[in-house]
Each structure stands twice: as C-alpha cells, then as structure tokens.
Amino acid sequence: MHDVQQRPERPDHGPLAGFTVGVTAARRADELGALLQRRGASVLHAPALRIVPLADDSELLAATKDLLDRAPDVVVATTAIGFRGWIEAAEGWGLGEALLGRLGEVELLARGPKVKGAIRAAGLTEEWSPSSESMAEVLDRLLEEGVDGRRVAVQLHGEPLPGFVEALRAGGAEVVGVPVYRWMPPEDLGPVDRLLDTTVARGLDAVTFTSAPAAASLLSRAEDRGLLPELLAALRHDVLPACVGPVTALPLQSRGVDTVQPERFRLGPLVQLLCQELPGRARVLPVAGHRLEIRGHAVLVDGALRPVPPAGMSLLRTLCKRPGWVVSRAELLRALPGAGRDEHAVETAMARLRTALGAPKLVQTVVKRGYRLALDPAADSKYGDG
C-alpha cells in the first residue's frame, strides 16, 4: 500500500510512534495505555478522578428499598460495573434475592453489550438494548413507548444524566435515580497537575477521555489553578481531545471544545481513531530529497523513526512555520525553552537536532543570517509565500 520509494514496506514502529497521548481514565486505564503503547505512543497517565463505591451508602440503600416497596415500570442499567455493584451491595444488605426478583418483573433496558453481559450474569434477561450503546437511543425508545405516569429507575453512572432525566420527567415520568458509585477528585492531584502543565505547554499530541466526569474534573482542576483559558486554547488548537463517545464529550463541548469520537464507543475504536487522526495532523515536507514527517517528539525521515530531543523539536517547529525561509538565531533562541540570551545555545541544539535526524543537510546554515529547512525546489511555490 505504501510508496516503497518514500517509506519502508514494513516500518519498525507503530502508527502512533513519536506521539504522546494523555490518559485521564480512572478505570481500565492500564488497558487503554497498553493499547496506545502497543501502537508506538508514549503515554502520560493521570487519573482525573477516582471511583468511590457506595456499598454502605444510605442513598443507594434508600433507592433500593424504595424500588422494592413500589415497583418501577422500567429499569435502565447504564454500566456493567455499576449494575454489578448494585447487586453486590444489595446482597451485602440481605436484599439481593428481593432485588433480583424485582428486576425480573420489570422492563429492563441495557445501555450496551457490557451491561447486557452483567445483567445475564446475574441470571436476568434484558428486554432491549441499543446497538449504538447510546443513552440517546434508550431515551428515544422510552419516549416513543410513552412514559407519562410511568415509574422509571435509572442506574446513574457516577454523575447525573441531566438531559436524559429531564426529558423523561418532561414526558410525564417519575424518575428514580439509583446512585451506585460516585466520582471524586483523585487523592493525589500531582499527576493531574502534570498532565495539565504538559497539555498547556503543548507537550501532548492528544488527550483521551472515557467518561464525562473525567473531562469535567480536568476542567475543574484547571479552573482551580487559573489555567482554564490556557487549557481550552490548547485543546481547541493544538492538542487533540479524543472522547469515547458523545456523552463523554459534553463537558468539553459546553466550553466550546470540539472533540473526535469513534463510531463505536469502545476503547479499541478510540485507539484506532487516534491512529488515523494523529498521523493525519503531522506536518509532512519534502526536504533535501527526503520526506520529513514531524510528529510530537520524533520525526520520520523517509519513514524511519528518529526521536528528537525537546530543544531540537522546538527549533524544527520554528523552522517549519516558514519552510525554506531563513530564520534568525535570535528567533530560534526565543523558541528554545529556558535558553537565556546566549545564541550559542541555538548552535548546540542545532547540532544535536542534525545528529538526531541522521541527515545533516536537512537544515542549512545561512552564514550571518540563521538557518533554514532545505525545502526541495519543487515545493517552493507551495510553501514559499510563508
């Protein structure tokens, strides 16, 4: 499929090599991180929240007793972990058999395959489950059936489902929330703060979100630290926010941040989406007879992966803003993080960049003026206007 003249037939790196991806997930973070690393990405993990089970929580006990006393017409199970947690908590209170009996009598809806699996593992059978794993589709079905005067129990997955619950109530339903677990800020905020600082500094290429509370928690922490405007600017322009689905994206969208989402709301498709999106966003230039692809912390030279130190990447990005044009040492010095005023730092970083690229002629020295990318003549008309 590849042009063998430009890149190896079998590249020795994954599609995400050279990119750094932030992971905000609390649960299944190891699985997501492994999927990303297997495809070559560097991963920065910072759980933006923690899940607190409510096995001894009075709210869950009260909701469970309420449903045993007054049967609902419909029960909506939204997450497998939440459904299992509910059954386990009820068993701990000596109400497990009664709850399973009650759930066996009502219209039981499952949000997707995982919840369906948890329902069947409990010896129950769901009446219906959407193929899309979308709460919107569950809502559509309920509203089409008509909910006026009906009692609908909704297993909440960590945070309220405002649009869902409001729409049911507007349709005349009595909605009972079943709060199985809660999202709380992480006990150690250090990793989240590092993720925020790295995102604002454009040290990440993408940030993944697998739950709306994780997105909301990251925004809240940024606000607490006075970094919210910088974080939003980074996510709008330079760092790709990738969400597992539309519900997860809502806190970001409410702040004017567009996200990418896979068609199937699962971890595998989320990683595959990044495998398409991030290489597609990389800058590709024909330089000195080579194909140069600039990624987050590495460069592909004719398809071969070349890791580049941070200072070298800063220089390269500055040169790429105006490919083929001469960039002064003073401007390059400003691009170097913490370089001070000594232009000798530019020469040192440039020497290391050329070594890292493995092709010294990619960057030309223009005596007494600065440096330029040796853009191929055929590309001059395309890039020469800056």
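Quick rundown of the values:
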| read-out | value |
| --- | --- |
| Gyration tensor verdict on the stretch 171-286 (Cα atoms; rounded if a/c is under 1.5, prolate if a/b is larger than b/c, oblate otherwise) | oblate |
| Gain upon complete extension [GLU105, ALA121; 0.36 nm per residue less C-alpha separation] | 4.1 nm |
| Of LEU36, LEU143, ALA345, farthest towards positive along the dipole that unit charges on Lys, Arg, Asp, Glu beta carbons give the chain | ALA345 |
| Helix 135-145 axis, angle to the chain major axis (alpha carbon atoms, nearest 10°) | 30 |
| C-alpha long axis of helix 29-38 to longest principal axis of the chain, angle in ° | 30 |
| Mean residue ellipticity (222 nm) of the chain, computed from DSSP H runs ≥ 4 via -39,500 (n - 2.57), nearest 500 | -13000 deg cm²/dmol |
| Rough spin-label spacing in nm, given labels placed 7 Å along Cα→Cβ, for GLU31 and ALA71 | 3.5 |
| Compactness of the stretch 176-239, expressed as Rg and Dmax over alpha-carbon positions, Å | 13.1, 44 |
| Candidates THR210, THR348, THR79: whichever shows maximal mean-square fluctuation once the chain is modelled as a Gaussian network with Cα springs under 10 Å | THR348 |
| Choice from ILE294, ILE119, ILE81 with maximal GNM fluctuation in the chain (Cα, 10 Å cutoff) | ILE81 |
| Spin-label pair ARG255/LYS114, simplified geometry with 7 Å Cα→Cβ offset, distance in nm | 2.4 |
| Calculated P(r) of the stretch 285-373 - Cα pairs past 23 Å, % | 13 |
| Estimated FRET transfer efficiency when R0 is 45 angstrom, pair GLU277-TRP93 (beta carbons, to 0.05) | 0.45 |
| Using alpha-carbon coordinates, inclination of helix 212-224 to the longest axis of the chain, degrees | 60 |
| Selection from THR125, SER217, VAL178 lying farthest towards where the dipole of the stretch 74-221 points positive, charges on Cβ | SER217 |
| Fraction of accessible area attributable to carbon and sulfur, the chain (%, probe 1.4 Å) | 50 |
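The values are calculated or read from the model by the stated rules, or taken from the named source; none is laboratory data. Remember, predicted model here, so these are calculated numbers, not experimental data. Methodologically, a virtual Cβ is constructed for each residue, glycine included, from the backbone with ideal geometry; neighbour enumeration extends over all protein chains shown. Just the protein is used for accessible areas: all its heavy atoms, side chains included, with ligands, DNA and RNA removed. Shrake-Rupley method; radii C 1.70, N 1.55, O 1.52, S 1.80 Å.
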